[in-house]
Amino acid sequence: SFVITAAIMQRAIRLISFDATGTLFRVKGGVGAVYSRLSSQFLPRPTRWKDEKEFGDEIQKRFLVAWKEMNKQHPAYGHPHISSYSWWGRVVKHTFADVGYNKDQLESAFPRMYDSLYHAFETGDHWEVFPEVRQVLTELTKEKGYKLGIISNFDSRLHKVISSLSLDQFFPRHDLVILSGEVGHEKPDSAIYGALLQAADLPASACLHVGDDITKDHKGARAVGMNTIIVDRNQPVSSEPLPNNTRESSSSSPSLSSSDPVVISNLTTLQNMLPNIRPNHDIRI
């Protein structure tokens with residue numbers, strides 16, 4: 001259990017926002033594997049790649065380079081200057097050119113192939129929800145009374161992804177799903193967090209943001225005064241939150257408003273940290 005000071009502080013939280021990819025769900029097998037599999041319907045694999053897995057790994061590597069370069073030139077998926085469809089088109093074309101397709105191949109097959117790839121990622125077919133997520137979100141909303149939101153560096157397709165994964169029941173307020181591709185600001189920019197606070201009409205101290213990136217999710221949210229928790233799914237599973245990325249138990253109470261991140265291994269720990277805030281509920285500490 002947690003000491004009383006932490007419990008009293010955490011009773012003030014009314015809204016919990018989540019990062020999306022890496023925190024609630026992830027791409028099945030990785031982007032490279034999906035691109036490799038779906039593109040084979042339109043283009044033969046370049047002859048230098050005999051193994052499908054190696055080809056997928058190369059696509060993944062080239063994709064990350066193309067994505068970072070495009071995001072540097074046109075952050076927030078180009079909003080409002082170019083559409084996310086055009087933004088991703090440039091990334092995908094650059095990716096496939098770099099893995100060995102020539103100009104003629106891409107010109108003939110790319111439009112249909114790209115359209116298929118783009119729309120494939122707005123369904124739940126190529127995403128997987130982390131095992132504990134649905135149970136935790138159910139507990140936080142239906143049992144404990146928290147409002148939930150999302151703050152994600154993603155484009156507008158995320159609304160369809162959430163719906164396809166049957167997570168929209170936990171995020172009924174469209175205005176509390178804040179996406180960089182719709183507001184024109186990316187985490188860790190304070191403006192994207194400010195958009196959530198404005199929509200929720202709550203002070204930052206009443207909000208908790210949960211994500212998997214120290215800079216984007218912890219430092220960004222702390223800069224506007226929000227409480228934070230970092231999910232590190234690579235750390236050993238623990239029943240207690242661990243401050244400062246330590247892997248050993250701590251006798252001190254975790255502070256969600258500290259400049260140092262509180263790190264947990266999965267969302268089940270979050271569920272156990274937060275009290276029931278429904279009216280007239282007898283909070284036991």
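The values are calculated or read from the model by the stated rules, or taken from the named source; none is laboratory data. These numbers come from a predicted model, not from an experiment. For neighbour counting, all protein chains shown are included, and Cβ atoms are generated from backbone atoms with ideal geometry for every residue, glycine included. Ligands, DNA and RNA are excluded from the accessible area calculation, which covers all protein heavy atoms including side chains. Shrake-Rupley method; radii C 1.70, N 1.55, O 1.52, S 1.80 Å.
Thr21 accessible area, nearest 10 Å², 1.4 Å probe?
Rounded to the nearest 10, that gives 50 Å².
With every protein chain kept in the model, how would you rank Thr141, Thr47 by accessible area, 1.4 Å probe, largest at the top?
Numbers: Thr141 30, Thr47 115 Å².
The most accessible residue leads, giving Thr47, Thr141.
Just to verify a number: what accessible area does Trp67 come out at with the full protein assembly present, 1.4 Å probe, Å² rounded to tens?
The value for Trp67 is about 60 Å².
Kindly provide the pair-distance distribution of region 1-150 built from C-alpha pairs, with 5 Å bins from 0 and whole-percent values in order of increasing distance.
Answer for region 1-150: a P(r) of 2, 8, 14, 16, 16, 11, 9, 8, 6, 5, 3, 2, 1, 0 percent.
Among residues other than Glu139 whose Cβ falls under 13 Å from its Cβ, what is the net charge (Lys/Arg +1, Asp/Glu -1)? Don't skip to the answer; put the middle values down first.
Working: positive: Arg134, Lys142, Lys144, Arg278; negative: Glu132, Glu143.
After counting each charged neighbour, the total is +2.
Go ahead and run the numbers for FRET between Arg173 and Asn234, Cβ-Cβ distance against an R0 of 30 Å, rounding to 0.05. Before the final figure, lay out each step's value.
On the way: r = 32 Å, r/R0 = 1.06.
Computed FRET efficiency for Arg173 and Asn234 comes out at 0.40.
What is the pair-distance distribution P(r) of region 173-228, computed from all Cα-Cα distances in 5 Å bins starting at 0, with each bin given as a whole percent?
For region 173-228, the pair-distance distribution reads 4, 22, 33, 28, 12, 1.
Cα centroid distance between region 29-74 and region 153-186, in Å?
Region 29-74 and region 153-186 have Cα centres spaced 25 Å from each other.
To make sure I understand the rule: partners must be aspartates and glutamates, Cα under 18 Å from the Cα of Lys53, and not fewer than 8 residues away in the same chain. Which ones qualify?
Excluding near neighbours in sequence, the set is Asp98.
Could you pull out the pairs from Lys72/Lys219; Lys68/Lys187; Lys61/Lys93 whose alpha carbons sit more than 18 Å apart here?
Values: Lys72/Lys219 20 Å; Lys68/Lys187 15 Å; Lys61/Lys93 14 Å.
Too far apart for the 18 Å limit: Lys72/Lys219.
Of Ser255, Ser108, Ser205, which has the largest mean-square fluctuation in a 10 Å C-alpha GNM of the chain?
Taking springs between Cα atoms under 10 Å, the residue moving most is Ser108.
Report, ordered by chain and residue number, the lysines lying within cross-link reach of Lys160, taken as a straight Cα distance under 19 Å and ignoring same-chain residues fewer than 8 apart.
Lys28
Alpha carbons only, please: Rg and Dmax for region 91-203, in angstrom.
Just the Cα atoms of region 91-203 yield Rg and Dmax of 18.0, 58 Å.
For the chain, set up a Gaussian network in which alpha carbons nearer than 10 Å are linked by springs, and say which option among Ile82, Ile230, Ile16 fluctuates the most.
Largest GNM mean-square fluctuation: Ile82.
What trypsin sites (Lys or Arg not before Pro) does region 143-215 have in DSSP loop regions with at most 15 other beta carbons within 10 Å? Mind showing how you got there, number by number?
Details: sites: Lys144, Lys147, Arg157, Lys160, Arg173; in loops: Lys144, Arg157, Arg173.
When the trypsin sites (Lys or Arg not before Pro) of region 143-215 are filtered for loop state and at most 15 Cβ neighbours within 10 Å, Arg173 remain.
Where the accessible area of the chain is counted over protein heavy atoms with a 1.4 Å probe, how much of it, in %, is carbon and sulfur?
On the way: 6620 of 13560 Å².
C and S atoms contribute 49 percent here.
When Rg is the radius of gyration of the Cα atoms in the chain and Rh is its Kirkwood radius, what does Rg/Rh come to?
Values: Rg = 20.6 Å, Rh = 20.3 Å.
With Rh from the inverse mean 1/r over Cα pairs, Rg/Rh is 1.02.
Label Tyr85 and Arg112 with points 7 Å out from Cα along Cα→Cβ: what is the distance between them in nm?
In this crude spin-label approximation the distance works out to 1.8 nm.
Using r as the Cβ-Cβ distance of Glu69 and Val27, and R0 as 22 Å, what FRET efficiency do you calculate, to the nearest 0.05?
Details: r = 20 Å, r/R0 = 0.91.
The formula returns an efficiency of 0.65 here.
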